[in-house]
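No value in this document is a laboratory result; all are computed from the given coordinates. Treat the numbers as computed from the prediction; the structure is a model and nothing was measured. Positions of Cβ are generated from backbone atoms using ideal geometry, with glycine treated the same way; all protein chains shown enter the neighbour counts.
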Amino acid sequence: MADGKPAEEARPSAAAKPKPTKELYPMSDWKYDAFLHTFSVLVDLFFREVHPRGAWRVPRTGPILFVAAPHANQFVDGLVLQRTLKNEANRRVGLLIAEKSVHGFIGWGSRQTGSVPVGRAQDKAKPASGVIYLPDPINDPTLIRGVGTDFEKEAEVGGMVFLPSVKGQTGSSVDISQIIGPEEIRIKRPFKGRVPMQQLTGRDDIDEKGNFTNKELRGPKDGYEGTKFKLAPHIDQTEVYKAVFHRLRSGGCIGIFPEGGSHDRTELLPLKAGVAIMALGTLAEDPDCGLQIVPVGMNYFHAHKFRSRAVVEFGAPFQIPRDLVEKYKNNERRDAIGQTLDMVHQALSAVTVSAPDYDTLMCIQAARRLYNTGKKLPLPMVVELNRRLAVGFSKYKDDPRIIDLMNNVKDYNNQLRYLNIKDHQVSYAKMTLPTVVVTLLYRIIKLLVLSIGVIPGLVLFAPVFVASKIISHKKAKEALAASSVKIQGRDVMATWKLLVAMAFAPVLYNLYSILLSFKVYQDHLWGYVPEWVPFWLVFIAGWIVFPAITFAALRFGEVGMDIFKSLRPLVLCISPTASNSIHKLRERRAELAEKVVQVINDLGPDMYEDFEHTRLIADPSRADGSLSIKEPTVSDRTEPTPPDSPHLSRKNTTKSSQAIPRNESFSNIGAIGMFATRPPSRSRSRSRSSSSGGGFGSGGFPVSGFTALDTHEGFNEASNKIRAAMRQRGQLRRRKSGFSSDGEGSEGGVSMG
């Protein structure tokens, strides 16, 4: 050997101590902690309150896969999640981040926190030469022919073809399965939808689903030359998956937003297969590593607005059953991945608030305010009430009582918008005229006093406010144009507001400090600064004073804005023309509150057997018809016991498993991306199935399809399901009696109330 030692002496030590595998994206604990400690101030400045709920459920040791949704705030979500986990559970988590974002400040921050970059095909797509069309879209829709193309040099099997964006929507894309020649390729699946088929054929006889009405015309429109397109190379995710497997097997934590990308919708998007492969692949390599999956609900109130609120809710951790791991190892990956996605989807449904559209969400929130009669509740309880009402709406949305109630609530919300007041401000109509006048004068005086502390900071920081607003709206428009799942692009606004403030604020404070130093140098600040004060000390003092003025203005302005918003309903109560409207609105609110309580009391027991036992708040109705609410007791403040692990039922209504490509065997995980490459269209993602909202087949009610009883296996399966149901009912009875299966006291399930 080179060092002169006998080979016999070196071999035993080498065999006894194998060289450890070097981690691809290592995490440094002190860098992670320093980064979070430094930039957590951004979370405190942007959000008025970030309330963790259920953090006690997070295991303090062992590997954990955190699955968080909805992904409503781009990069801010990751910072909030990492900060909450470090503060509440002392766990460090490496996030999966798009490779295109690993540049600049975001890239630097991701490296400090051990994030894993993931490549996406759409980020590497480049314009290709020539144009393409479908020569026979009816009989052979997977054959693509080009004019002036060179597929043999520019394309590759496993790569992707991207069509141009149209009408503010991102273009469709599909994988390449075969390269026939320089001007012909075959794609893995046909393009779907009207717009892609028009782009590839030039024909107008196409319905909304992409079907041709004139079957006699086999090819494209006469004289149609084709459409421009982009080609993306094949993205091999093998190294990324290896890095994730290594982190989890070594006892670390990985965080992923399994919807595949940020969005501003009110419902969960279908989950990507990558999250299931991460869990199953880790357990396939080390079945005894103890991997647990923890669902995390990122529940925001106006996520894109400055000084908004958030609740980060951690659900019950669960493990992947060994039979699914065996299926994954025995080339039954598709079924194992589908069932795992169902489990994750059910777990996320239990910690998120989902509604089919924005108007429905607003009605659900209004019903919650009416149900608790305006009583101020803790923020986690507000989220839980919203979720239970959303579950109830999903199950009974076709009930005439729900339809009538939702129409009345929508009308009530419209009246509030017309008067430009909030729901809680309707109660001002109960005040007498002298009380209204005194209250109005007192708040005006208080607002004037607060403005003394607000105006200086507002003037100093105004350039940053203006720049952040303009740039964030511009980026939102760009994100909306490049996505088919966003509604207004609000998911990127908070991120860009923070990034712009981080970039502009230091420059602005530095400029102010330089100007202050120059003024001291010129005339000692009009003679107020003694001559012995050095200029460098003035510069440092400027960096202390100007941020302090801004922070004071922020705190005073927060209180002042709340007071300013309360002035309008007081003025309406004094105005002879408007006071009658607000008085009538108060009467309508009282009637509507009684109606909300009645509907919940009627439908709640049908939905939950232990409805009365598991109310979050007492029944707001009394025998005399008036409304009240009990003070929260200890049991009210206690968070409910985590539900049982999600069942393994393959529900035919679960969108996550439905989104799995039918011709994908998942034999090569390197070809499976962790983030979205083909996001669902607007029409498919605007609504959710009833199961996802919490009806039968949801996280709260996992129900499989009916079993055929015409075979011996069918009878065995039915018997197993009956026994499982009996065990569940036994656990429910023990919880009702105050004891769980492990001997500890627990509460029952959840109810809408």
What spacing in nm lies between the two simple spin-label points modelled at K474 and V147, each 7 Å away from Cα in the Cβ direction? 3.8 nm
Which listed residue (G453, A505, T435) has the Cα farthest towards the positive end of the charge dipole for the stretch 433-571, taking +1 on Lys and Arg C-beta and -1 on Asp and Glu C-beta about the Cα centre? T435
Gap in Å between the Cα centre of the stretch 193-259 and the Cα centre of the stretch 25-45? 37 Å
Describe numerically, in nm with one decimal, the distance between label points set 7 Å from Cα along Cα→Cβ at E156 and at D136. 3.1 nm
Label-to-label distance, nm, for residues given as V559 and N87 (7 Å Cα→Cβ offset): 2.2 nm
Cβ-derived FRET efficiency at R0 22 Å, S451 paired with R307, nearest 0.05: 0.80
Express in whole angstrom the spacing between the alpha-carbon centres of the stretch 379-422 and the stretch 560-583. 24 Å
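About the Cα centre, and with charges only on the beta carbon of Lys, Arg (+1) and Asp, Glu (-1), how big is the dipole of the stretch 433-571? Nearest 20 debye, please. Kindly include the intermediate steps, with their values, before the conclusion.
Working: 13 positive and 6 negative charges, 138 e Å.
Dipole of the stretch 433-571, to the nearest 20 debye: 660 debye.
Taking the Cα centre of the stretch 123-232 as the origin, how large is its charge dipole in debye, to the nearest 20, when only Lys and Arg (+1) and Asp and Glu (-1) carry charge on their Cβ atoms? Walk me through the intermediate numbers first.
Values: 17 positive and 17 negative charges, 72 e Å.
In debye, rounded to 20, the stretch 123-232 gives about 340.
Length gain on complete extension for the stretch K376 to R588, per 0.36 nm per residue less the alpha carbon to alpha carbon distance? Numbers along the way, then the final one.
On the way: separation 212, 0.36 × 212 = 76.32 nm, distance 2.05 nm.
Full extension of this stretch gives 74.3 nm more.
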For H234 and I444 in the same chain, what is the full-extension length gain: residue separation times 0.36 nm, less their Cα-Cα distance, in nm? 69.2 nm
So for R0 = 25 Å, FRET eff. of K410-N580 from the Cβ-Cβ r, to 0.05, ends up at 0.65
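Quick one: order T352, T340, T439 by neighbouring beta-carbon count within 10 Å, fewest to most. Mind showing how you got there, number by number?
On the way: T352 25, T340 29, T439 16.
Ranked by crowding around the Cβ, least crowded first: T439, T352, T340.
What fraction of the DSSP beta bridges in the stretch 123-232 is antiparallel, stated in percent and rounded to the nearest 5? Could you put the intermediate results ahead of the total?
Values: 21 of 21 bridges.
Restricted to the stretch 123-232, the bridges split so that about 100 percent are antiparallel.
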Set the Förster distance to 35 Å, then compute FRET efficiency between K221 and S165 from the Cβ-Cβ distance, nearest 0.05. 0.95
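Rounded, prolate or oblate: which fits the stretch 123-232, taking a ≥ b ≥ c as square roots of the Cα gyration tensor eigenvalues, rounded meaning a/c under 1.5, else prolate when a/b beats b/c? Spell out each step's value before the answer.
Values: a/c = 1.72, a/b = 1.38, b/c = 1.24.
Verdict is prolate for the stretch 123-232.
Using only the C-alpha atoms of the stretch 433-571, find the volume of their convex hull and express it per residue in Å³. Please list the in-between numbers first.
Working: hull volume 19.4 nm³, N = 139.
Per-residue hull volume (Cα only) is 139 Å³.
If the chain between R417 and Q522 were fully stretched, how many nm would it gain, using 0.36 nm times the residue separation less the Cα-Cα distance? The partial results should precede the final answer.
Working: separation 105, 0.36 × 105 = 37.80 nm, distance 5.43 nm.
Length gained between R417 and Q522: 32.4 nm.
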